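*Asks:* Provided herewith is a single structure, encoded as C-alpha cells, for subsequent inquiry.
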Amino acid sequence: MPLDAKPGMDFKVIGTRPVRPDGIDKVTGRARFGADFNMPGQLTGRVLRSPHAHARVKSIDVSQALKLQGVKAVVTRDDFNADAVDPALMDVLVNVMARDKVLYEGHAVAAVAAVDAPTARQALKLIKVDYEILPHVTDVEEAMKPSAPVLHADMFTDGVEPRPTKASNIASRVEFGHGDVEAGFQQADVIVEREFRTEAAHQGYIEPHAVVASMGADGYAEMWCCTQGHFMVRNISAHLNGVDVSKLRVTASEIGGGFGGKTTVFLEPVALALSRKANRPVKLVMTRDEVFRASGPTSSSYVKVKIGAKKDGTITGAYAELAYQGGAFRGSPVDMGAMCTYACYDLKNVQVVGYDVVVNRPKQAAYRAPGAPQAAFGVESVIDELAQKLGMDPIDLRLKNAARDGTKSSYGPTFGPNGLIQTLEAAKNHPNYKVKLGPHQGRGVAVGFWFNFGGQTAVSMNVNIDGSIALAVGTPDIGGSRASMGLMAAEELGIAYDKVRTIVADTASLGFNDVTEGSRVTFSSGLATVQAARDAIKKMCGRAAQMWGIPEDAVEWKDGHAHPAGANAGNFPPMSLADIAKDAGNTGGPIAGHCEVNAEGAGISFATHLVDVEVDPQTGRTQVLRYTVIQDAGKAIHPTYVEGQYQGGAAQGVGWALNEEYIYGKDGRLQNAGFLDYRIPVCSDLPMIDTVIIEVPNPGHPYGVRGVGETGIVPPLGAVGNAVSHACGHRMTVVPMSPPRSLKAIKG
Amino acid sequence: MSKITVSATVNGDAADFVCDATETLLDVLRDRLGLTGAKEGCGTGDCGACSVILNDRLVCACLVLGAEAQGAKIETVEGLANGETLHPLQRKFIEHAALQCGVCTPGFLVAAKSLIDHNPDPTEEQVRYWLAGNLCRCTGYDKIVRAVLDAAAEMREANHAA
C-alpha cells in the first residue's frame, strides 16, 4: 500500500496531548529501569579498569581472586576469541575488554562475578595486572603532531593519497563541498577567519549502564538491560561470545536517558561471558565514576572557519577544517560534523575538511546530533562576526544565505521542503528578540541542522478480541515515543487513543530494529505503525466483506468502521473494529497488522535559537536570562513531547556551552569524573525555555513527521557563544565558556 | 561480616531488616526492602535521584547508612499515592509531561513534596533553588517547575476549600 499522505491532514488525535502510557509507572516508582531488575540466584559483577592512560598489558593473574570465597567467575581477554570476531567489530571487542594494551584510563581489563558486591570489590583487588606504562596523549591537536605517541601501530590515515607509510593517530581525512572556495574568497568584501576549540561533554544520562545476563548450561541466554537498541545489544553480545543470535533474547528495560550514549555495548558482552562461566545470572551496574571514565563522551574538537561575504551579505566562499578526537578508536563523528558544518546555508563555493583523530581517552559515543554542535559553534560565531562587520542584523544575514527547498547542500544532496526560513522569520518576529538588554547582557542567535535517519524497523499490531490494540515496536522509548505510536495507530485505525497499548517488544518477538538514534523513532516506527495499521485495516475489511458476502474491494474503512463502499456494494450497517475483532475466531482467526521496512524519506530538520545572557563582571559567571527554540517538526504528533525535546536539547547545549568539560591531568587521568565537578545545568541555572513548533511537512512520512530529537543541541553553543561575546565585548572561541574563561575575556 | 538489625517505618509500615555496616539506606531500600523507586544515579549525593524523606527531612538515601535508620520514619516515592489516588504532584507531572525518561522523577517528586510540606506557596525561584539538588538531563526543567507550581496551587486550593 502506498504511503499516501492523509487527505487534507484533518487529524483527529494527532496533535493532541494525551498522557503517556508509562506515566503512572514512572511517577509511582513502579517502572523498572536497568538496575531495577533481578533474577533468582543472581551474582554481582564488577569490572577492573586500567589506572593508566596507555600501557601494555604484560600479564593478568586472576588466581588469587578465584581463591576468594564467594567468587564464582573471572573473565579477561582470554575469554573472548578475537580470531572469530568480525573485523568490523574488533574495536568494540577491544573496548569492552582490553587485549594487548589499555588505551585509556578506565579501560576494562577484567571482570568478576561474586555472591555480593563487597566480595566482588575485594576480588578486584586480588587481580594482579602487570602493566608496561607507555607515553600517552589526550589532546586532539597534540595527537596529530608527528612527535605524538602513536596508539595503533597499524593506523595509516585513510582518505589521503598516496597512503601514508608511517602510522599516526589520524585515522582518516574526509572532505565535502563544491565550487571553488579560493575564487569565492577573491570575490569577498569581508573575510572572517578564526579558530575554535570545544571540550568533550558527556551525555550525562542520570541512569548508569546496567545489565542482567543469564546463560544456562544449554547455551540459551536471556538479557535485560537499559539500551537504546536491544537488537544491537543482542547481535553484538552474541557475536563477541560466539553464540548464535537466536540463543540470546534481550529485553530492553525502561531507559533512564541515553542521548546517543546507549547506542553501543559496554557491559553487556562481559555480563554474558561472566554468566556463561559462572552458570548463574550476573548483574553488572556501572558506578557514576565508571560512566564518566569508560562510557560516552563526545569528541573534543579543533575547528577552523573562514567565511567571505560581499557588502550586501551574500556569502561568496566558506571553508572549514575540523579535527575531532574519537577517543582511543577510529570513528569520531567528524564526518557528520563536516557534512553539517554549512548545511544551513545555500553556498556556491564551500569546502570542509575533517580529520578523525585517536587519543588516550574513552571511545566516544554518539551524543545528540553527533559532530554537528562543534562545527556549528565555529560557523555560527563567524557568521555573527560577519554580521557585526557588515552592520547587518544577524537574522537578516542568515535569511540572505539560508538553505531552502532546492538548495544543493554543502554535503551533496539537494534539499527538499524544509522550514529553515520559517524558523528564522519566526525568530525575528518573536517578542524575545525585541526585549531591551541591560548592562553586561548580550543576545545570541544561531541556526542548526540535523539529517534525521530512518532505518530498519519492524512493528506488529494485534487486534484483540475486545477491539483494543496491542502495538509492539522494537525501538526503546527514551522520551515518550510510546505515546506518539499510540496516537498514530489510533489516528489511522479511527479509534480512541486509550484503546491502543504500545509496548517495546523483546528481540525474540519482532523482526530486527535499528537502534533508537538519529531522531528516527517517531519517523520510522511511526511510519511502520501507520503501515501496520493499514495492513490490519485491509484484513478487517476482508472480514467484513466475508460477513456481508460482498467482494473485499467493495468495503472501505472510515472512522474506525468498515463500510460498504457506495450504494452498489450493498446496504449494510457499518461494522466497528470491535465488532470485527469479536468475530475474528469465526472469520479466519486472529487479526494482526505487520510492517517490516527499511524506512527511507527521513526529513531534515532546522532550528533557530535565541538566547539572552548576563555575564557577571566580577566572577565571569553567565546566567541565561531568556531562551527560545524555534524548530521545524514536520508534524508534531504529540506537541508536548516535541516541546520537551526542544527544551532538553537546548538545556544540554547550554550546559556544554557554559560548564561541561572533561578535564585531564598531565598523567592522562580524568580529574572530574562525577556530577559535582562535571556540572550539568541544574534547575536554578536555567529560565523557562520558550518553544515555537514550525510545521513544514516531510513528504517522506504519511503524516509529515520529521525527527525532532537532535537538532535542538546544534545551535546552543553558537547562540550562547554569540550572546556571551556581546556581553563581554570579546569574541569567545573556546567551549565551555566557564567563569574563568569569561572573566579573562572581560578583563582582556 | 556481622549484620546489624534495624527497625524503621517506611511509608507508614513497620520495616525490619538486617544490613551490613557499610550498606547505604539506598542499598537497603532497593536490595533488601524491594523498593526500587529511589535510583542510584551517582552514589555521592550529587544527583538527587535517591531522594527520600527521613524524619521529615529531605535526604539523599545514598548518603545515609542503613544502620542509621533505626527508629526512623522514611517516606519514598512508593508512599506518595494514596491507594489508587495519585498525589497531586504525581498527577501534575504526568499532565505536564514533566518527565521524559523518568529515572529522575521519583527523586523530584519526593523533593517537591518536601518543598510543599515546608512551603505551600513557593515562587518559581524557590522551586528552582529547592530542586537544584536534583538533576534532570531530559527536560531542561521547564515542565518540572510548571508541574510543581501547578500542584502546589491545586493543593492550596484544596486546603482552602477544606
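*Asks:* Going by the conditions given, is B:Val103 within 7 Å of chain A (Cβ to nearest Cβ) and touching an Asp or Glu at 6+ places or on another chain (Cβ under 6 Å)?
*Replies:* Working: within 7 Å of chain A (Cβ to nearest Cβ): yes; touching an Asp or Glu at 6+ places or on another chain (Cβ under 6 Å): yes.
For B:Val103, the condition - within 7 Å of chain A (Cβ to nearest Cβ) and touching an Asp or Glu at 6+ places or on another chain (Cβ under 6 Å) - is met.
*Asks:* May I pose another question? Scan region A:80-131 residue by residue and report those that are among the small types (Gly, Ala, Ser) and surrounded by fewer than 22 Cβ atoms within 10 Å (Cβ to Cβ).
*Replies:* Filtering region A:80-131 for residues among the small types (Gly, Ala, Ser) gives A:82, A:84, A:88, A:98, A:106, A:108, A:110-111, A:113-114, A:117, A:120, A:123.
Selection gives A:Ala82, A:Ala84, A:Ala88, A:Ala117.
*Asks:* So which residues in region A:304-361 are more than 19 Å from the chain's Cα centre (by Cα) and of a type in the set (Val, Ile, Thr)?
*Replies:* A:Val305, A:Ile307, A:Thr314, A:Ile315, A:Thr316, A:Val350, A:Val352, A:Val353, A:Val357, A:Val358, A:Val359 - these are the residues of region A:304-361 that are more than 19 Å from the chain's Cα centre (by Cα) and of a type in the set (Val, Ile, Thr).
*Asks:* Report every pair of residues separated by at least 6 positions or lying on different chains whose Cβ atoms are under 8 Å apart, first residue within region B:113-140 and at positive phi, second of a type in the set (A, V, I, L, M, F, W, C).
*Replies:* B:Gly140/A:Ala650; B:Gly140/A:Ala651; B:Gly140/A:Leu686; B:Gly140/A:Ile689
*Asks:* While we're here: Looking at region A:622-633, I want the residues that are over 22 Å from A:Gln441 (Cα atoms) and have a partner that is among the acidic types (Asp, Glu) with Cβ atoms under 8 Å, at least 6 apart or on another chain. Which pairs are those?
*Replies:* Within 8 Å, the pairs are A:Asp632/A:Glu695; A:Ala633/A:Glu695.
*Asks:* Would you mind listing the strands (runs of 3 or more DSSP E) fully within region A:605-720 where at least 3 residues are surrounded by fewer than 24 Cβ atoms within 10 Å (Cβ to Cβ)?
*Replies:* Numbers: elements: A:605-615, A:622-632, A:689-694.
In region A:605-720, the matching strands (runs of 3 or more DSSP E) lie at A:622-632, A:689-694.
*Asks:* Just wondering, is there one or more residues in region A:76-98 that are part of a helix (DSSP H, G or I), at pLDDT 95 or above and among the basic types (Lys, Arg)? Walk me through how you get there before you give the answer.
*Replies:* Residues of region A:76-98 that are part of a helix (DSSP H, G or I), as a first pass: A:77-79, A:82-84, A:87-96.
Remaining after also requiring at pLDDT 95 or above: A:77-79, A:82-84, A:87-96.
Applying the additional criterion that residues be among the basic types (Lys, Arg) yields A:77.
Yes - at least one qualifying residue is present in region A:76-98.
*Asks:* Identify the residue in region A:23-55 that is among the hydrophobic types (A, V, I, L, M, F, W, C), part of a strand (DSSP E or B) and away from chain B (no Cβ under 14 Å) and, among all such residues, is nearest to A:Pro208 (Cα to Cα).
*Replies:* Going residue by residue through region A:23-55, those that are among the hydrophobic types (A, V, I, L, M, F, W, C) are A:24, A:27, A:31, A:33, A:35, A:37, A:39, A:43, A:47-48, A:53, A:55.
With part of a strand (DSSP E or B) added as a condition, the list becomes A:33, A:43, A:47-48, A:55.
When the remaining residues are screened for being away from chain B (no Cβ under 14 Å), the result is A:47-48, A:55.
Numbers: A:Val47: 14, A:Leu48: 17, A:Ala55: 27 Å.
Checked region A:23-55; the qualifying residue nearest to A:Pro208 (Cα to Cα) is A:Val47.
*Asks:* I'd like the full set of residues that are within 23 Å of the chain's Cα centre (by Cα) and more than 19 Å from A:Tyr367 (Cα to Cα), limited to region A:644-682.
*Replies:* Matches in region A:644-682: A:Val682 only.
*Asks:* Exactly one condition in (1) at positive phi; (2) free of Cβ contacts under 8 Å to residues at least 12 places away in the same chain; (3) of a type in the set (Gly, Ala, Ser) is false for A:Gly106; which is it?
*Replies:* Single failed check for A:Gly106: (2).
*Asks:* Under the condition of being in a helix (DSSP H, G or I) and of a type in the set (D, E, K, R), which residue from region A:123-147 is farthest from A:Ser50 (Cα to Cα)?
*Replies:* Step one: filter region A:123-147 for residues in a helix (DSSP H, G or I), giving A:123-125, A:140-144.
Those left that are additionally of a type in the set (D, E, K, R): A:125, A:141-142.
On the way: A:Lys125: 12, A:Glu141: 24, A:Glu142: 22 Å.
The selected residue is A:Glu141.
*Asks:* Any residue in region A:672-695 that's within 8 Å of another protein chain (Cβ to nearest Cβ): show its pairings with residues that are β-branched (Val, Ile, Thr) and assigned to a loop (DSSP other than H, G, I, E, B) at Cβ separation under 6 Å, as long as the two are six or more apart or on different chains.
*Replies:* A:Gly674/B:Thr44
*Asks:* Among residues belonging to region A:112-126 that are among the aliphatic types (A, V, I, L, M) and out of contact with any Ser or Thr (no Cβ under 8 Å at 6 or more places or on another chain), point out the one that is farthest from A:Lys283 (Cα to Cα). Full working, then the answer.
*Replies:* The initial filter retains those residues of region A:112-126 that are among the aliphatic types (A, V, I, L, M), namely A:112-115, A:117, A:120, A:123-124, A:126.
Checking which are out of contact with any Ser or Thr (no Cβ under 8 Å at 6 or more places or on another chain) leaves us with A:112, A:123-124, A:126.
Numbers: A:Val112: 11, A:Ala123: 16, A:Leu124: 16, A:Leu126: 20 Å.
Once the filter is applied, the top-ranked residue is A:Leu126.
*Asks:* Filter region A:414-446 for residues that are of a type in the set (A, V, I, L, M, F, W, C) and more than 29 Å from the chain's Cα centre (by Cα) and give the result.
*Replies:* Of region A:414-446, the ones of a type in the set (A, V, I, L, M, F, W, C) are A:415, A:420-421, A:424, A:426-427, A:435, A:437, A:445-446.
Listed by number, the residues that qualify are A:Val435, A:Leu437.
*Asks:* Let me ask something additional. Condition first: more than 7 Å from every other protein chain (Cβ to nearest Cβ), within 22 Å of A:Gln652 (Cα to Cα) and buried (at least 24 other Cβ atoms within 10 Å of the Cβ). Now tell me which residues in region B:106-124 satisfy that.
*Replies:* Going through region B:106-124, the residues more than 7 Å from every other protein chain (Cβ to nearest Cβ) turn out to be B:107-108, B:110-124.
Next cut, within 22 Å of A:Gln652 (Cα to Cα) only: B:107-108, B:124.
B:Gly107, B:Phe108, listed by residue number.
*Asks:* Additional query: If A:Arg731 satisfies every condition in (1) more than 14 Å from every other protein chain (Cβ to nearest Cβ); (2) out of contact with any helix residue (DSSP H, G or I) (no Cβ under 6 Å at 6 or more places or on another chain); (3) of a type in the set (D, E, K, R) but one, which is the exception?
*Replies:* Tallying (1) more than 14 Å from every other protein chain (Cβ to nearest Cβ); (2) out of contact with any helix residue (DSSP H, G or I) (no Cβ under 6 Å at 6 or more places or on another chain); (3) of a type in the set (D, E, K, R), A:Arg731 fails exactly one: (2).
*Asks:* Quick one: is B:Val127 at pLDDT 95 or above, at the interface with chain A (Cβ under 8 Å from one of its Cβ atoms) and in contact with a strand residue (DSSP E or B) (Cβ under 8 Å, 6 or more places away or on another chain)? Can you show your working first?
*Replies:* Details: at pLDDT 95 or above: yes; at the interface with chain A (Cβ under 8 Å from one of its Cβ atoms): yes; in contact with a strand residue (DSSP E or B) (Cβ under 8 Å, 6 or more places away or on another chain): no.
So B:Val127 does not fit the description; no.
*Asks:* Being modelled with pLDDT of 95 or more and either within 15 Å of A:Arg368 (Cβ to Cβ) or away from chain B (no Cβ under 13 Å) (or both) is the filter here; which residues of region A:286-301 pass it? So that I can check it myself, show each step before the final result.
*Replies:* Quick first cut of region A:286-301, residues modelled with pLDDT of 95 or more only: A:286-295, A:297-301.
Once the filter is applied, which keeps residues that are modelled with pLDDT of 95 or more and either within 15 Å of A:Arg368 (Cβ to Cβ) or away from chain B (no Cβ under 13 Å) (or both), region A:286-301 yields A:Arg293, A:Ala294, A:Ser295, A:Pro297, A:Thr298, A:Ser299, A:Ser300, A:Ser301.
*Asks:* Looking only at region A:152-180, count every residue that is buried (at least 18 other Cβ atoms within 10 Å of the Cβ) and aromatic (Phe, Trp, Tyr) and tell me the total.
*Replies:* Residues flagged as buried (at least 18 other Cβ atoms within 10 Å of the Cβ) and aromatic (Phe, Trp, Tyr) within region A:152-180 amount to 1.
*Asks:* Given the condition among the hydrophobic types (A, V, I, L, M, F, W, C), over 26 Å from B:Gly41 (Cα atoms) and more than 14 Å from chain B (Cβ to nearest Cβ), answer yes or no: does some residue in region A:252-269 qualify? Quick ask: steps written out before the conclusion?
*Replies:* Initially, region A:252-269 is screened for residues among the hydrophobic types (A, V, I, L, M, F, W, C), giving A:252, A:255, A:259, A:265-267.
Then keep just the ones that are over 26 Å from B:Gly41 (Cα atoms); that gives none.
Taking every residue of region A:252-269 in turn, none turns out to be among the hydrophobic types (A, V, I, L, M, F, W, C), over 26 Å from B:Gly41 (Cα atoms) and more than 14 Å from chain B (Cβ to nearest Cβ).
*Asks:* For A:Gly479, are the conditions met, namely being touching a Cys at 6+ places or on another chain (Cβ under 7 Å), closer than 20 Å to A:Cys225 by Cβ and either in contact (Cβ under 8 Å) with a residue 12 or more places away in the chain or of a type in the set (A, V, I, L, M) (or both)? Spell out how you get there, then give the answer.
*Replies:* On the way: touching a Cys at 6+ places or on another chain (Cβ under 7 Å): yes; closer than 20 Å to A:Cys225 by Cβ: yes; either in contact (Cβ under 8 Å) with a residue 12 or more places away in the chain or of a type in the set (A, V, I, L, M) (or both): yes.
Yes, satisfied.
*Asks:* In region B:79-96, what residues are more than 8 Å from chain A (Cβ to nearest Cβ), over 15 Å from B:Ala152 (Cβ atoms) and outside any helix (DSSP H, G or I)?
*Replies:* B:Asn82, B:Gly83, B:Glu84, B:Thr85, listed by residue number.
*Asks:* Another question about this same structure. Among the residues of region A:476-517, which ones are out of contact with any strand residue (DSSP E or B) (no Cβ under 6 Å at 6 or more places or on another chain), closer than 20 Å to A:Asn598 by Cβ and within 14 Å of chain B (Cβ to nearest Cβ)?
*Replies:* A:Ser481, A:Thr516
*Asks:* Looking at A:Leu240, A:Leu267, which one is among the aliphatic types (A, V, I, L, M) and more than 22 Å from the chain's Cα centre (by Cα)?
*Replies:* Values: A:Leu267 fails: more than 22 Å from the chain's Cα centre (by Cα).
Answer to the check: A:Leu240.
*Asks:* Moving to a separate point now. Only one of (1) over 30 Å from A:Val233 (Cα atoms); (2) out of contact with any helix residue (DSSP H, G or I) (no Cβ under 8 Å at 6 or more places or on another chain) is not met by A:Gly518, so which one is it?
*Replies:* Answer for A:Gly518: the failing condition is (1).
*Asks:* Now for a separate question. Would you say A:Ile14 is surrounded by 15 or more Cβ atoms within 10 Å (Cβ to Cβ), of a type in the set (A, V, I, L, M), assigned to a loop (DSSP other than H, G, I, E, B) and in contact (Cβ under 8 Å) with a residue 12 or more places away in the chain?
*Replies:* Numbers: surrounded by 15 or more Cβ atoms within 10 Å (Cβ to Cβ): yes; of a type in the set (A, V, I, L, M): yes; assigned to a loop (DSSP other than H, G, I, E, B): yes; in contact (Cβ under 8 Å) with a residue 12 or more places away in the chain: yes.
Yes.
*Asks:* A further question follows. For region A:485-499, indicate whether the set of residues that are part of a loop (DSSP other than H, G, I, E, B), modelled with pLDDT of 95 or more and surrounded by fewer than 20 Cβ atoms within 10 Å (Cβ to Cβ) is non-empty. Before the answer, list the steps.
*Replies:* Our first condition is that a residue be part of a loop (DSSP other than H, G, I, E, B); within region A:485-499, this holds for A:494-496.
Okay, now just the ones that are also modelled with pLDDT of 95 or more, so A:494-496.
With the extra rule that they be surrounded by fewer than 20 Cβ atoms within 10 Å (Cβ to Cβ), the set shrinks to A:494, A:496.
So far as region A:485-499 goes, yes, one or more of its residues are part of a loop (DSSP other than H, G, I, E, B), modelled with pLDDT of 95 or more and surrounded by fewer than 20 Cβ atoms within 10 Å (Cβ to Cβ).
*Asks:* Please go through region A:289-329 and pick out each residue that is under 26 Å from A:Asn672 (Cβ atoms) and of a type in the set (Lys, Arg). Spell out how you get there, then give the answer.
*Replies:* Initial filter on region A:289-329 (under 26 Å from A:Asn672 (Cβ atoms)): A:289-303, A:322-329.
Result: A:Arg293, single match.
The values are calculated or read from the model by the stated rules, or taken from the named source; none is laboratory data. What you see is a predicted model, and the numbers here were worked out from it, not measured in a lab. Backbone-built Cβ (ideal geometry, glycine too); neighbour counts: all protein chains shown.
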